[in-house]
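Just so you know, all these numbers are worked out from the coordinates, no wet-lab data involved. Keep in mind that this is a model prediction, so the values were computed, not measured. Positions of Cβ are backbone-derived with ideal geometry, glycine not excepted, and every protein chain shown enters the neighbour counts.
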Amino acid sequence: MKALCWEGVDELAVRDVPEPEIRNGQDVIVKVTASTTCGSDLHLIGGYIPAMRAGDVIGHEFLGEVVETGPDVRRHKVGDRVVVCSFVGCGRCWYCANDMWSLCDNSNTNSGITQAMWGYEPGAARTCASRRSGWRPTPPARRTPTTGSSSGCGRRPTGPPRCARPSTRAARELPGHPRDAPRRRAPRLRPFQTQERRLRPGGDPPGGLSRPRGGGEMADVFTVLGHDHTEVKRMLDELEAGPTRATGAGEDALAARGRKVQRLITEESKHEAVEEEYFWPAVRRLVRGGDRLADHAVAQEQAAKQVLDDLIAAQPWQDRFEELLADFIADAREHIAFEEEQVWPRLRELITAERAKELGRKVEAGKRLAPTRPHPNTPPRPAVLKAAGPMVGVADRMLDRVTGRDRD
């Protein structure tokens, strides 16, 4: 069947996608007959949701006709004309029974990620949702499975059921509120500490970039970035000389190689994010021809992000892993050489010592909250990065913690 798919920032296409299927007894498959653009669609199309991947189907809040129902569906039958709201609820839990559909306990189809990250399962599933929160990708545009027989679909012409959300005080006064029942305590998560703060006795972060030293005075931006470049080049040399599957490396050696690559991806992601947020805007403002230099450098970084995004999911025993790593090593060395040999000398001549130190402070501070994963689909614009970067960084660190990547 046909569906409208996200292909990249500001790029959509109609693709052939698999037909939806009943996965849960309460699922309903709806043939879409009318829909329109929502504000959240614009966020997806513009690349502001880092979890989007090419091929994700977009679209939600639509009118349609029921074409198939699960065995547990009682309120709808094939042929019903329905309207589907943004939140999908089961219709049976306490929250749905009290018209608080967006807080449904059961319709999040992949609650393990959010349970581990936040200690609870937040709210209902949505018919248009981010992979980051653990929900399944958005439904196809022509036919869509809708979980839940009560709040997800409402019959026409009476329209959808109420989606009122009482205040906390009003909700607590309703009989049978979950607060009154014994509940299992959610697992307590320790406060997350970034790699810059989890220091070894010697003062260096584990397996990552160490801070530039030099007493209490803050280093300038060239010292901060130069130290990053030195450490990255050291990591590249180690990976280039290290054992691979082709040279007969064993399982333990390959696992260690994979962990080194994950550390490299983490540090490179943070480094490139703060450069795009602070360093390259300074180059554009101060250096004659700075736009050309910055555009070239950012294009190099975007290409590197795409390679890292592919590499993060590859396994060290796969041939593809070594091919991607070789591509990144070559790209990284080319980018470092361009920056140090063509950009830094021109900027040094124009920037004051005080401003260079201030820029160094911003870069160093920015790394503490910068994303730890590459996001090639996020526009590399400073305003976007400053607004979304810290939130994406927190989400990345939560996901790293859930998957164990931050312990590698």
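What is the distance, in nm, between label points placed 7 Å from the Cα along the Cα-to-Cβ direction at Asp327 and at Thr33?
4.6
If you take the C-alpha gyration tensor of the range 274-320, multiply each eigenvalue by 5 and take the square root, what semi-axes do you get, largest first, in whole Å? Kindly include the intermediate steps, with their values, before the conclusion.
Details: eigenvalues 197, 19, 6 Å².
The equivalent ellipsoid of the range 274-320 has semi-axes of 31, 10, 5 Å.
Assign one of three labels to the range 282-408, namely rounded, prolate or oblate, based on the Cα gyration tensor with a ≥ b ≥ c the square roots of its eigenvalues; rounded applies when a/c is under 1.5, prolate when it is not and a/b is larger than b/c, and oblate otherwise. Walk me through the numbers on the way to the answer.
Details: a/c = 2.28, a/b = 1.44, b/c = 1.58.
Oblate shape, in that a/c is at least 1.5 and b/c is the bigger or equal ratio.
With N denoting the number of residues in the range 21-63, provide Rg(C-alpha) divided by 2.2 N^0.38 Å, to two decimal places. Provide the component values of the computation, followed by the final result.
On the way: Rg = 13.0 Å, N = 43, 2.2 N^0.38 = 9.2 Å.
The value comes to 1.42.
Sorted by packing (mean other beta-carbon atoms within 10 Å per residue), highest first, where do 297-306, 67-76 land?
297-306, 67-76
Can you give the extra length, in nm with one decimal, that the chain gains between Ala353 and Asp291 once fully stretched, where that is 0.36 nm per residue apart less the Cα-Cα distance?
Computed gain between Ala353 and Asp291 is 20.1 nm.
Ranked highest first by the average count of other Cβ atoms within 10 Å around their residues, in what order do 359-366, 238-245, 328-335 fall? Don't skip to the end; give the middle numbers.
On the way: 359-366: 19.4, 238-245: 14.2, 328-335: 17.5.
Ranking the peptides 359-366, 238-245, 328-335 by packing returns 359-366, 328-335, 238-245.
Provide the per-residue ³J(HN,Hα) series for the range 9-26, in order, calculated from phi with Karplus coefficients 6.51, -1.76, 1.60 and θ = phi - 60°, each as a whole number of Hz, with x at glycine and proline positions.
Karplus values, whole Hz, x for Gly and Pro: 4, 6, 9, 10, 8, 8, 10, 7, 10, x, 5, x, 9, 6, 10, 9, x, 9.
Within straight cross-link reach of Lys260, meaning Cα distance under 21 Å, which lysines are found once same-chain residues fewer than 8 apart are removed?
Counting by Cα, and skipping residues close in sequence, Lys260 has these lysines nearby: Lys233, Lys270, Lys305, Lys367.
What order, most packed first, do the peptides 255-265, 394-404, 271-281, 32-42 have when packing is the mean number of other Cβ atoms within 10 Å of each residue?
Values: 255-265: 18.9, 394-404: 17.4, 271-281: 23.4, 32-42: 13.5.
Ranking, from highest mean packing down: 271-281, 255-265, 394-404, 32-42.
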